[in-house]
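Input: a single structure, listed below in C-alpha cells.
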Amino acid sequence: MGWRDKIKMYLAMARIAGRKFLLAALLPMVYFGVISGYALIWRWLLRRGLMKSRGGWATIAESTDTPNLFNRTV
Amino acid sequence: MTITLGISCFYHDAAAALVRDGEIIAAAQEERFSRRKGDPSFPESAINYCMEEARVRVGDIDTVVFYDKPGLTFDRIVHSFLSVAPRGFKAWREAIPRWMGEKFHTKEIIVSGLHESGIGGEALARIGYGGPVLYTPHHLAHASAAFFPSPFDRAAVLTIDGVGEWATASYGVGKGSRVSLSREMRFPHSLGLLYSAFTYFCGFKVNSGEYKLMGLAPYGTPCYVETIKNYVAQIGEDGAVTLNLDYFDYMGGLEMVNDRFARLFGGPRRFPESRVTRREMDLAASIQAFTEEAVLAMARHVRKETGEKYLCLAGGVALNCVANGKLYRDKLFDEIWIQPSAGDAGSALGAALAVQFGHHRVARPPKQALDRQKGSYLGPRFSEREVEAYLVAKGCAYRKLDMAERGDTVAEALAQGAVVGLFNGRMEFGPRSLGARSILGDPRREDTQRTMNLRIKYRESFRPFAPAVLAEDVETYFDYSGVSPYMLMVAPVREDRRKKRTEQFIGEDLLAAVNQVRSDIPAVTHWDYSARIQTVHAETNPLFHEVISRFKKKTGISVVVNTSFNVRGEPIVCTPDDAYRCFMRTDMDYLYLEGFWLDKREQPVVEKDDSWMQEFELD
C-alpha cells in the first residue's frame, strides 16, 4: 500500500470514528434534551400520547389510483 | 410493455418481485439466496434472480417501488418515543443509527447501490436505471398482494399484521384493477404485536416463532383468555383490538413485554430452548383463542361494512391458518383467498402490483388455473442439464429417471416408509413448501412425525406436519370441501378416520402426546384432530399430483406428509447444492432432484461432521 492510500485509509478511519463519537454524544443530547422535554409537555400539558390511546377503526381513503400516492415518502 | 420491480427490505424478510404487464413473472425472498433466515438486507440476489427470470436488464425496468413509506414509519417511531420518554433511551440509541444509516436513504440505496455492491444496488446506477423510485403505503401493498393475484373480480380485503407505518390492520374493497382501503386500526393497538408478545413470552423468536405458538396451542387449555381480556387486551364488537400498554414494552423498550406482564402470567418468560411447560401450552391456547375471536369479529365487521361476498386476506396474521380455518367454517364469506406470502415478503409483490395497476394503469390479466398467483411457484428453477452437471462435478451417485417413472419412483419409496426430498421446478414464494422444495413422508406410519422432527428437521417434537392431499380427495379425509393450495387452512380430520386417544393429555410430556395415534393418517393429525391442509392440483404442480396419485394406487391413501426442505433455522433450500447438502446432513433416504434419483446409501461417504449445525441460528 502506497503512502497516499495509507493517508486515505487513516482519513476514512478518522471520519468513521468521528461520526461514531458525534452520534454517541448527540443521541443522548437529543433524547434527553429535546425529545424528553417536548414529550413531557406533549403528554402532560396537552394530554396527548399513545399510551392513553384506544384501539378502533379510523377512516382513511387510500386507493391504488390516488394521484401522486406513490411519489411521496409520507 | 411495462415492467415494475417491487422491493421489501430493512425490517425482516426482504424480497423482490417483478411484474410485467400485470403478470407476476418472478418473486423470491432474499433469505433463500443469502442462506440467512429472515434476511432483512437489501435483496440484491432476489432482484438479480427476478431480472434473470424475466430476461430483462435494469434499463428495461419502468418503475421500482418500495413497500413502505419510510417518512410515516419514522413519524410513528418518534411518536412512540414521545410517549415513553425519558424512558426508552436504549431503544432510541439502537433505532436512530439504523435510520441514519439506511432507512432514511432508501431511495439512494436502491438507485446508487450505496448499501452493498451488486446488481440491485450498484448496477441500478451503473447499468442505468433512470426511472422513478416509488413508495406504497405498507397496508396498501398487503391489500394489493391479497386482491390482485386472487381469482376474484371484486372482494373485500382485510390486512392484519404487527405494524406497517401507523397501521396495524386495514380493510377495504378490491374491484377490477383497483384496491381501496377505507378504514385502518393504528399503532400501538395491534393484534399481530399482541400475538408476537406472547410468542416472545413463551420463549420463541418474534417474527418467526409465531407458527410454533400456533402449533403448541392444541396441547393447552385456553384458561388465560379471561385474564387476557380483563387486563391485557380487549376486542370491540367491530373486531378493533385495544391493548393495555401498561403490560407491554415494545413502544420504547428492547423487549415485547414488561415485568407486570410476567407477574400476571405467573413468572418470567420461558428461557428459549428450555423445556416447554404447561403454562406455555395454556398461554398458547389462550392467545390463539383470543386471536381467532378477534379475526372473526373483524371479518364480521368487514362483511357488514363492505357487503362483499368474497374475502382476500394478507398481513402476517393471515398466516395463522387455524384462525383462517375457523373463518372458513364460519361461512361469513362465500370464498376466501389468502396471499401465500402474506407477511412482509409478499408486500414486494403487492407493491409492484399496486403500481402496475394504479400508476401505470395496466389492465388486470385474466385468472389462470386457480388464481393469478401461479401456484406461488415464482422462484428459481434449474434445468436437468444444470442439475446433472452439478451431480457429476460433485461426484454424486445418481440415476436419471424417465419421465414416465418419476412419480412412481417417489411414490414407491414413500410407500416403503422412506423419507424423500423433492426438488422439482420453480421454488415457492412464501414461507410454505408446496411440493417444489419439500420433504415428503408416509402419513400412515406412527413414527413419521417423531422421526422427521428429530432426525431430519432437528426441531421440536411437538410440531405437527401438514398433509398434501389430492384436491379431488380432500373431503375423503377432512371436514373441508374447498381448495387450499397454499397450505393456509386448518380443518378437522373426518370423524370416521379418527382414533380415540388412549389417554387424556394433561401433563407436560409432549413426546408422550405426540406418540399417540390419533387417526389413520397419524403423522399429519394434530393433537386436536386438526390438519393444515394443502390441496394438490394437477394444473399447478403435475409431478407432485402424480406422486400422490401413485401413492394412492399403492396404499389406498391419497395423502403424503409435506414439510419444508430445510433443517431448523435454515431457509428453505433454493439450489441443487442447498438440497444435496441438506440431504446429506440429515436422515433423509432419497432425493429427487429435477429428474434424478439419489439414494443415500450410494452416496460418497462423508465424515460425520455436525459443525454445520452452528451455521444456522435457531429460529
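Take the Cα of B:R35, go 7 Å toward its beta carbon, and the backbone nitrogen atoms of the range B:529-569 under 15 Å from that spot belong to B:566-569. With a ≥ b ≥ c taken as the square roots of the eigenvalues of the C-alpha gyration tensor of the protein assembly as shown, please select rounded if a/c is under 1.5 and otherwise prolate if a/b is larger than b/c or oblate if it is not? Taking the square roots of the gyration eigenvalues as a ≥ b ≥ c, the protein assembly as shown is rounded.
Averaged over peptide B:177-183, the number of partner chain Cβ atoms lying within 10 Å of each residue's Cβ comes to 5. The mean sequence separation of alpha-carbon pairs under 8 Å and at least six residues apart, normalised by the residue count of the range B:150-338, gives a relative contact order of 28 percent. Centre-to-centre, using Cα atoms only, the range B:521-563 and the range B:444-517 are separated by 12 Å. Report summary: the helix-based calculation at 222 nm, which adds -39500 (n - 2.57) for every DSSP H run with n ≥ 4 and divides by the residues of chain B, gives -9000 deg cm²/dmol. Pull out a ≥ b ≥ c, the square roots of the eigenvalues of the alpha-carbon gyration tensor of chain B, then state rounded if a/c is under 1.5, prolate if not and a/b is larger than b/c, and oblate in the remaining case. Rounded.
Per-residue 3J(HN,Hα) values for the range B:396-403, derived from phi via the Karplus relation 6.51 cos²θ - 1.76 cosθ + 1.60 with θ = phi - 60°, read 7, 8, 8, 9, 7, 9, 5, 3 Hz in sequence order (x marks Gly and Pro).
Summarising the label geometry, the points placed 7 Å from Cα in the beta-carbon direction at A:S53 and B:D599 lie 6.3 nm from one another. Helix A:3-28 and the longest principal axis of the Cα set of chain A meet at an angle near 30°.
Summary of the geometry: the range B:348-378 and the range B:166-198, compared by the centres of their Cα atoms, lie 21 Å apart.
Near the amide H of B:A26, within less than 5 Å, lie the amide hydrogens of B:L18, all on another chain or at least 5 residues away, with H placed in the peptide plane.
Here the Karplus curve 6.51 cos²θ - 1.76 cosθ + 1.60, taken at θ = phi - 60°, turns the phi angles of the range B:281-297 into couplings of 4, 5, 5, 4, 4, 5, 6, 5, 4, 4, 4, 4, 4, 5, 5, 5, 5 Hz, with x standing for Gly and Pro. Give the shape of the range B:365-507 as rounded, prolate or oblate, defined through the alpha-carbon gyration tensor: a ≥ b ≥ c are the square roots of its eigenvalues, a/c under 1.5 means rounded, and otherwise the shape is prolate if a/b is larger than b/c and oblate if not. Oblate is the answer for the range B:365-507, as a/c is 1.5 or above yet b/c matches or exceeds a/b. For the segment B:129-135, counting C-beta atoms of other chains within 10 Å of every residue's C-beta and taking the mean gives 2. Cβ-Cβ distance of B:D246 and B:D402, R₀ of 60 Å, FRET efficiency by 1/(1 + (r/R0)^6): the value works out to about 0.35. The label point for B:D509 and the one for B:T277, both projected 7 Å from the Cα toward the Cβ, are 1.9 nm apart. Under a 5 Å amide H cut-off, with hydrogens placed 1.01 Å from N, B:M489 pairs with B:I533 among residues at least 5 apart or on other chains. Shielding value for A:44-56 is 6, the average number of Cβ atoms from other chains within 10 Å of each residue's Cβ. In this label model, B:R381 and A:A14 are separated by 5.8 nm, measuring between points 7 Å along each Cα→Cβ vector. Per-residue Karplus couplings for the range B:587-599, computed as 6.51 cos²θ - 1.76 cosθ + 1.60 with θ equal to phi - 60°, are listed in order as 8, 5, 8, 9, 10, 9, 10, 6, x, 10, 10, 10, 9 Hz, Gly and Pro entered as x.
None of the figures in this text is laboratory data; all of them are computed from the coordinates on show. Note that the structure is a prediction, hence the values are computed from the model and not measured. All Cβ positions, glycine included, derive from the backbone under ideal geometry; neighbour counts span all protein chains shown.
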